[in-house]
Amino acid sequence: MELNRRQVVVSALLAAGACFWPAPAVAQEYWINLVRVSKPWAPPTRPGVRTASVYMAIENRSGELERLTHVQTPVAERASFVDEEPARGIVESINYIELRARREVVLRPGRLHIKLEGLKQPLVKGTTFPLTVTLGNRSSVEIRVEVEDRKSTRLNSSHIPLS
């Protein structure tokens, strides 16, 4: 079968266009009542490493104070909240994350984040794992945490740091 010049050009253009077609987006936004959890991610781990960290943005769109009180995942024996101050060498376990009304809290490296201990398997780049987050009123949602390398830890420029 012979292709004419027009068919070759059209085929080449279609193939080139397919390279720029966006991949389907993975849902990265979850809601617990009026609390939005977005952009959950964790860096990959090497085999044998038993701890990992999870980061995300959490925005309380309600007019009431909320608390993130519990996290759990089947990929680790334990999940907890940790606040770090690397400049002062302080790593502190905390019981909950306070979510002030109409504010966003960003969990990020070297600051407030979720610590996974007793990993049952390495976290592999390009995969996801479930993490259930629970508010003080016992409302919860299961989110999917993406395992990826991130050079920049800045989620957006409008976050409000914890004080």
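The values are calculated or read from the model by the stated rules, or taken from the named source; none is laboratory data. Since this is a predicted model, take the numbers as computed values, not measurements. Using ideal geometry, Cβ is built from the backbone for each residue, glycine included, and neighbour counts are taken over all protein chains shown. Note: accessible area is taken over every heavy atom of the protein model, side chains too, but ligands, DNA and RNA are not part of it. Shrake-Rupley method; radii C 1.70, N 1.55, O 1.52, S 1.80 Å.
In region 95-150, how many are part of a strand (DSSP E or B), among the charged types (D, E, K, R) and more than 30 Å from PRO47 (Cβ to Cβ)? Can you show your working first?
Of the residues in region 95-150, the ones part of a strand (DSSP E or B) are 97-99, 103-107, 113-119, 128-135, 140-147.
The next check asks that each one be among the charged types (D, E, K, R); those that pass are 98, 103-104, 115, 117, 142, 144, 146.
If we keep only those that are more than 30 Å from PRO47 (Cβ to Cβ) as well, we get 98, 103-104.
Within region 95-150, residues that are part of a strand (DSSP E or B), among the charged types (D, E, K, R) and more than 30 Å from PRO47 (Cβ to Cβ) number 3.
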Of the residues in region 78-99, those that are within 19 Å of the chain's Cα centre (by Cα) and open to solvent by 80 Å² or more (accessible area, probe 1.4 Å) come to ARG78, TYR96
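Might you let me know whether region 51-70 holds any residue that is closer than 20 Å to ASP149 by Cβ and surrounded by fewer than 19 Cβ atoms within 10 Å (Cβ to Cβ)?
The answer is yes, given that some residue of region 51-70 is closer than 20 Å to ASP149 by Cβ and surrounded by fewer than 19 Cβ atoms within 10 Å (Cβ to Cβ).
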In region 62-112, what count of residues is obtained for those that are aliphatic (A, V, I, L, M), farther than 20 Å from VAL141 by Cβ and in contact (Cβ under 8 Å) with a residue 24 or more places away in the chain? 1
